[in-house]
Protein chains: 6
Amino acid sequence: MAELREIRDFLDRELRIGDIPDYSGAVNGLQLENGGAVRKVMAAVDASLPVVLEAVESGADLLLVHHGLFWQGAQPIVGGHWRKLKAAIEGGLAVYSAHLPLDVHPQWGNNCLLAEAIGFKPDGTFLEWKGLPVGLTGGMEIRRDELAERLERAVGGAVHVCPGGPERVLKVGLCTGGAGSQVAEAAMAGVDAFITGEGPHWSYPLAEEMGINVFYAGHYATETFGVRKLAEVLGAGFGIEAGFIDHPTGL
Amino acid sequence: MAELREIRDFLDRELRIGDIPDYSGAVNGLQLENGGAVRKVMAAVDASLPVVLEAVESGADLLLVHHGLFWQGAQPIVGGHWRKLKAAIEGGLAVYSAHLPLDVHPQWGNNCLLAEAIGFKPDGTFLEWKGLPVGLTGGMEIRRDELAERLERAVGGAVHVCPGGPERVLKVGLCTGGAGSQVAEAAMAGVDAFITGEGPHWSYPLAEEMGINVFYAGHYATETFGVRKLAEVLGAGFGIEAGFIDHPTGL
Amino acid sequence: MAELREIRDFLDRELRIGDIPDYSGAVNGLQLENGGAVRKVMAAVDASLPVVLEAVESGADLLLVHHGLFWQGAQPIVGGHWRKLKAAIEGGLAVYSAHLPLDVHPQWGNNCLLAEAIGFKPDGTFLEWKGLPVGLTGGMEIRRDELAERLERAVGGAVHVCPGGPERVLKVGLCTGGAGSQVAEAAMAGVDAFITGEGPHWSYPLAEEMGINVFYAGHYATETFGVRKLAEVLGAGFGIEAGFIDHPTGL
Amino acid sequence: MAELREIRDFLDRELRIGDIPDYSGAVNGLQLENGGAVRKVMAAVDASLPVVLEAVESGADLLLVHHGLFWQGAQPIVGGHWRKLKAAIEGGLAVYSAHLPLDVHPQWGNNCLLAEAIGFKPDGTFLEWKGLPVGLTGGMEIRRDELAERLERAVGGAVHVCPGGPERVLKVGLCTGGAGSQVAEAAMAGVDAFITGEGPHWSYPLAEEMGINVFYAGHYATETFGVRKLAEVLGAGFGIEAGFIDHPTGL
Amino acid sequence: MAELREIRDFLDRELRIGDIPDYSGAVNGLQLENGGAVRKVMAAVDASLPVVLEAVESGADLLLVHHGLFWQGAQPIVGGHWRKLKAAIEGGLAVYSAHLPLDVHPQWGNNCLLAEAIGFKPDGTFLEWKGLPVGLTGGMEIRRDELAERLERAVGGAVHVCPGGPERVLKVGLCTGGAGSQVAEAAMAGVDAFITGEGPHWSYPLAEEMGINVFYAGHYATETFGVRKLAEVLGAGFGIEAGFIDHPTGL
Amino acid sequence: MAELREIRDFLDRELRIGDIPDYSGAVNGLQLENGGAVRKVMAAVDASLPVVLEAVESGADLLLVHHGLFWQGAQPIVGGHWRKLKAAIEGGLAVYSAHLPLDVHPQWGNNCLLAEAIGFKPDGTFLEWKGLPVGLTGGMEIRRDELAERLERAVGGAVHVCPGGPERVLKVGLCTGGAGSQVAEAAMAGVDAFITGEGPHWSYPLAEEMGINVFYAGHYATETFGVRKLAEVLGAGFGIEAGFIDHPTGL
């Protein structure tokens, strides 16, 4: 058994919660407390209603997520939102969320873990947001098709490709999640294969015009790496049970 | 016993929740639901921690407030905020909040009830906010001292007066709550006695310069009227127990 | 042969280009002129580089699109952007774009044509944007699976479903293109099956929490209807050759 | 007799008028000039109509204030505002104003002088505004009641207390004037007794929820220290007559 | 002798000061009051330092201007600004300013009076600002050179012409003052001769590209008409002495 | 013959295009590409329609300007705008634009070249914009009339003077182009002769009040120096033909 306070302090420090900027809806850190003790931690990509119900059902005291409870801002606690908070509060489930701090973490981040899974060794960064580079870049000579296959193996599913650039890739840029709308910035950075999770329709014709390949590998699918790893780290470090709740959105 | 849904529909309609504009933090309407049944309703000015605890203790199913749960925007559910939501959710307490819709209601509003309490018969409005006039005006010939005394009797406490205008008042403007910073707008409207709850320090020297009397009668003290009345209305209309939790701030 | 000026005047009037609000990047109306004569019109969803090249190759004088040339704002005319403008200008290809005016047109709009293709008879509107309702609603009793199948037949491809609502649908809301992020607004409008083109990852867990089904039928796929129809109308009305360039993005 | 120019240069330099940020309405520095000579300086909290009239009556050539002439922005020079400027200009009264520069001055500031008056020895700062910390913090073990009494002696009047925190105070935060709306920021800084001048009604329930004591000691009352001291400094340094005009607002 | 209050009420009503929108710096209406009596009114384009000094010297009690005292927002009353206010206040000079209300007035406006002076009979309006059309349009068949000559006679000085449009003018648009930056809007309105006071350098090449003639007749020179007329109206209507102070800027 | 790419790289580096901030409409750098080869470069102040036509006519491959193609933001390519782009693209004319980077360049900048032309030796800077000082200052004892004459010789035309300051100038501030609206900032910097290109009407009375002389030497006229010089530099450095297209606006 561990103290929630100790786990929170550990995560806040390791993930540099106080230093890394983020969208206001992210509300990184402890989002919901419980009585104080943690025996079992579950990780998930989203703090969605089905995920919270499953976490409570599983007997977890702490849910670790990439996308937390507050993206909609202040909202009435009614309907599904009420059922979710009620289940968590009555079930003694705390929620800890880490968004950009988990994307960019040098060992446990979504970016570095996906890069590792496809054999990509980045040596630089790109896509700055409020002074924080949220993507990784590096030289990687590989055929476009081969890169798509590696990605499909890594995320365990289909990857949508916009073949706007050369068949022979020389420089890769990678940013998990929903970075597709930054395709122009990626092209300006000299990247010819831009790997991300999702992007809007308009990013596709823009990529064709900028002459860059884009790999849409799934927002959910590219972001399971970080929370899964973090749960393992907590399990081992604090001697508690740890697991992962898989609830894909297909997006 | 009444259905929460019926009470909500009644209040939404009578208070014109969907039509009346408000600050984004107000989140008028049902803010927190419960299982569905309401046997006892309690009213209060603020949905503060002590008030929620007392409401749950009293066995209420519904708390009716003027200032709801969300003025701080989306915030982590930890500490006192967690204790408050936990108490309400586990105690089956729903929360319904009405801010400007309750200030300006023609029968149950804070403005009209305070006006009645001091024998002031308004015949116009002033202080527009997003097209909604949030204050009442009218002719009233009265000595400044006499008006202060009537106000003290009505709110049951001390009233702070800035004697910036004439001793003999001819036109009164009234806006409960925190309208003191609109003293210039009040003076422009021809008012020589401006009654409100609270105002910042700078409203005092400005009132002296504009030549207008200001009566700071307390933000809390001027806003107990509406919720108290509304609880009575619900008690009588739905045949349920109704009461008022008095938790003054002195501000 | 027709005059470009006449076609422009016809489209401006019929599509109410001057009256219907839109995003600043849309720049509805004639976006690029040519010498003045139009013998052949081609329609497409996007004014992308491959589409423009194909239009010029086909001998068209006018390209009619839903997504025009200016979504990136003012930008240097270099690289692919230069090749595109060069090809169009040297090839005498004019470009006319209609975004929201074409989504909402009562006979030729993407919304009404997709509704017709799935046997949905709307009787109301929803999703206001600057006072313009950009979606259609209506009662339609149908099983969720059946609705998905009809959609797949209509758009000729796979449709991704978030089964966040009831299996038996009673009220449908439809908005072609990228309206997925308005899932909460759709739920507030009482819709239990929300049909759109694309939506961000976060719209999926939000739909689960709001208890609403979402059908992501493809941004491109749901927006071929309007331009295709408009080309037919121009062909028939002005006695010119008309066609459609299919260049799907898969998004 | 001193030169106004010399006094202005001295104050601008000592108070770092050019470096310290402030609200646009503050307009720190010389706000109104006179013929050039200064024989007598009077200090006051506000450059209000009664204060200016009294200053002119007293034969002063310079009025030194914390709250200057321009908080309302550009405004017609009519009514009380005209009478004030007319009296000052015809009476040869210059006005010099220092707002935040005087709050935070390390020897003559409102903050440090009030701290000294209650026996509080700060060793840190808090409440940053545009990079400038506008409050002082420090450890101070004291009973809440005892602290309130010391404050009442220091400001010479009643102090309103919100007992939201522990009875035994360990860490004090102090910011004169109207900082009550920063109660959450104070609590985040680990302060359990927050001393300020005034705060809005909503700061009280928020303090109860955050578990922090708040001492509302009066905006006017906490800000007489700085200008009073500054007048003494000028009197001694420039060999001119110096005094203080007390015109409390009770807020 | 007239009462300042009566003149103010007359002007406020006739010029619709309360209804017509304007830039915040305009501060239309009475900007500076005096003791109350008006024996002599002087008009001028700008309430500049030389103009105010001359008005006081001339024994005027009221200065009527198009550009008032507050375009710089709230500013310290030092140097030339102090000398100006001091002269006016000590000289008992009131200042009344009317900006857009005087440009657009149907009998006394700068627009209609300049139109009359060049024999142009407008039948429409253009250039909307916050819902107020600030320019006049109408058909007028005239050679460009002839129009320039008429303008030079009307304003009594040189007129700079950008010959971007046809030599034979068919439709004129007129807006006194500094409307040159609206040259594109003028062209969109079908105007081929755009008459205004001044415009930035970039309006010239833009006019060449849009194919429109622009006549830069001087900001000052096109705006003497309204105030001059208004002084006459006051002189006749209130039986007081009236005059005009000419202080051209050459811009 | 030179490569466009090499010229672009040279200019980007020498003018510090990537580092110097500018207005969004400036779009500094290569604005329109051509096939790749450059045999002849022409310079001009504005990329206006007549200038582009003349550049194409002259057989130039590259047009170097101070004011580029995109000040109006994204706009339909119709009318004069279409003719201009069509002529340039079909004529193989590239366009390179440098705005603030060319104003402030230490050897080739408009500021330093105009200073040199009038015998003014600046030793400081003023008028910061986003941290970039865009004007030059320095001591220069000279009669106002003499300075006006030197300016007229330098720009080859009339200079309009506002004699708001002393006849004997001691400190000069110079900023080419349209800096007239910064007259107050210039006065605050201690300048008594402010040399710029153009300024709005209101800058004149403001200069009178601030007690500063202003020399309006023409926006166009003060900005021919930089592009003219740059063309020479390219001609010599890349061994290509170089010239200047003079198309004054008189503004």
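Only protein heavy atoms count here; on that basis, with a 1.4 Å probe, residue F:212 has an accessible area of about 0 Å². Other protein chain C-beta atoms within 10 Å of residue C-beta, averaged over F:82-91: 4. Placing +1 on the Cβ of every Lys and Arg and -1 on the Cβ of every Asp and Glu, with nothing else charged, gives the range D:2-98 a dipole about its Cα centre of roughly 200 debye.
Sorting D:108, F:202 on solvent-accessible area from highest to lowest, probe radius 1.4 Å, gives F:202, D:108. Positive contributions from Lys and Arg (+1) and negative ones from Asp and Glu (-1), summed over other residues with Cβ under 15 Å from the Cβ of residue E:239, come out at -3. The aspartates and glutamates within cross-link reach of residue A:171, meaning a Cα-to-Cα straight distance under 15 Å and a gap of 8 or more places when in the same chain, are A:123, A:141, A:145, A:146, A:185, A:192. Relative contact order for chain E: 21 percent, from Cα pairs under 8 Å spaced at least 6 residues apart, divided by residue count. Calculated on the alpha-carbon coordinates, the convex hull of the range D:2-98 measures out at 87 cubic angstrom per residue. Which of D:136, D:147, D:206 moves the most in a Gaussian network model of chain D with Cα springs under 10 Å? Its mean-square fluctuation being the largest, the pick is D:206.
Counting only alpha carbon atoms, the long axis of helix A:225-238 and the longest principal axis of chain A meet at about 40°.
Counting from the shortest, the label point at residue C:143, 7 Å from Cα toward Cβ, is 4.5, 7.6, 8.5, 8.5, 10.2 nm from the same position in each remaining copy. Enumerate the residues in the range D:178-205 having an amide nitrogen under 16 Å from the point lying 7 Å beyond the Cα of residue D:168 toward its Cβ. Once the point is set 7 Å along Cα→Cβ of residue D:168, D:192-193 turn out to lie under 16 Å by backbone N, inside the range D:178-205. Take residue F:75, move 7 Å from Cα toward the beta carbon, and the resulting point lies 2.0, 3.3, 4.3, 4.3, 5.0 nm from the same point in each other copy, nearest first. Ordered from largest to smallest accessible area (heavy atoms of protein chains, 1.4 Å probe), the residues E:96, F:23 come out as F:23, E:96. When its C-alpha radius of gyration is set against 2.2 N^0.38 Å (N residues), the range C:95-215 gives a value of 0.98. Summarise the long-distance tail of P(r) for the range F:49-106 by giving the % of C-alpha pairs beyond 18 Å. Summing the P(r) of the range F:49-106 above 18 Å gives 37 percent of all pairs. The label point for residue B:244 and the one for residue D:13, both projected 7 Å from the Cα toward the Cβ, are 6.3 nm apart. Comparing E:29, E:157, E:237 in a Gaussian network model of chain E (Cα springs below 10 Å), the most mobile by mean-square fluctuation is E:237. Quick one: angle between helix F:144-155 and the longest Cα principal axis of chain F, in degrees between 0 and 90, rounded to 10, please. So the helix axis and the longest Cα principal axis differ by about 10 degrees. Dipole magnitude for the range B:93-176: about 60 debye, using +1 per Lys or Arg Cβ and -1 per Asp or Glu Cβ, origin at the Cα centre.
The translational diffusion coefficient of the protein assembly as shown, from Stokes-Einstein at 10 °C and 1.306 mPa s with a Kirkwood hydrodynamic radius over alpha carbon pairs, comes to 43 µm²/s. Thinking of the range D:58-148 as a set of Cα atoms, what percent of all their pairs are more than 23 Å apart? Roughly 47 percent, rounded to a whole number. Could you compute how fast chain A diffuses translationally, taking Rh as the Kirkwood radius over C-alpha pairs and applying Stokes-Einstein at 10 °C with viscosity 1.306 mPa s? Give it in µm² per second. Stokes-Einstein gives a translational diffusion coefficient of 85 µm²/s.
Each part reduced to its alpha carbon centroid, the range A:174-234 and the range D:185-251 end up 52 Å apart. Dividing the helix sum by the residues of chain F, where each DSSP H run of 4 or more adds -39500 (n - 2.57), gives a mean residue ellipticity at 222 nm of -9500 deg cm²/dmol. Each Lys and Arg contributes +1 and each Asp and Glu -1, all at the Cβ; summed about the Cα centre of the protein assembly as shown, the dipole is approximately 0 debye.
Plainly put, the tip 7 Å out from Cα toward Cβ on residue A:241 is 4.2, 7.2, 8.5, 8.6, 10.1 nm from that tip on each other copy, the closest given first. Distance to the B-onto-E rotation axis is smallest for one chain B Cβ; residue and value in angstrom are B:131, 9. Do any of A:40/A:229; A:40/B:86; D:84/E:86; C:40/C:229; A:229/B:86; C:130/F:130 go past 23 Å between their Cα atoms, and which? Beyond 23 Å between Cα atoms: A:229/B:86; C:130/F:130. When the charge dipole of chain B is built from unit charges on Cβ atoms (+1 for Lys and Arg, -1 for Asp and Glu) and taken about the Cα centre, the candidate among B:26, B:71, B:91 whose Cα reaches farthest toward its positive end is B:91.
Computing FRET efficiency as 1/(1 + (r/R0)^6) for residue E:57 and residue D:72, where r is the C-beta to C-beta distance and R0 is 30 Å, gives about 0.45.
Across B:135, B:18, B:79, mean-square fluctuation computed from a Gaussian network of chain B (C-alpha pairs under 10 Å connected) peaks at B:79.
Of interest is the spacing of the C-alpha centroids, which for the range C:27-77 and the range E:138-171 amounts to 39 Å. The smallest convex shape that holds all Cα atoms of the range E:158-251, its convex hull, gives 105 Å³ per residue. Put D:140, C:1 in order of accessible area, highest first, and with a 1.4 Å probe you get C:1, D:140.
The values are calculated or read from the model by the stated rules, or taken from the named source; none is laboratory data. Keep in mind the model is a prediction, meaning the values are calculated, not measured. Note that each Cβ is placed from the backbone with ideal geometry, even for glycine, and that neighbours are counted across all protein chains shown. Note: accessible area is taken over every heavy atom of the protein model, side chains too, but ligands, DNA and RNA are not part of it. Shrake-Rupley method; radii C 1.70, N 1.55, O 1.52, S 1.80 Å.
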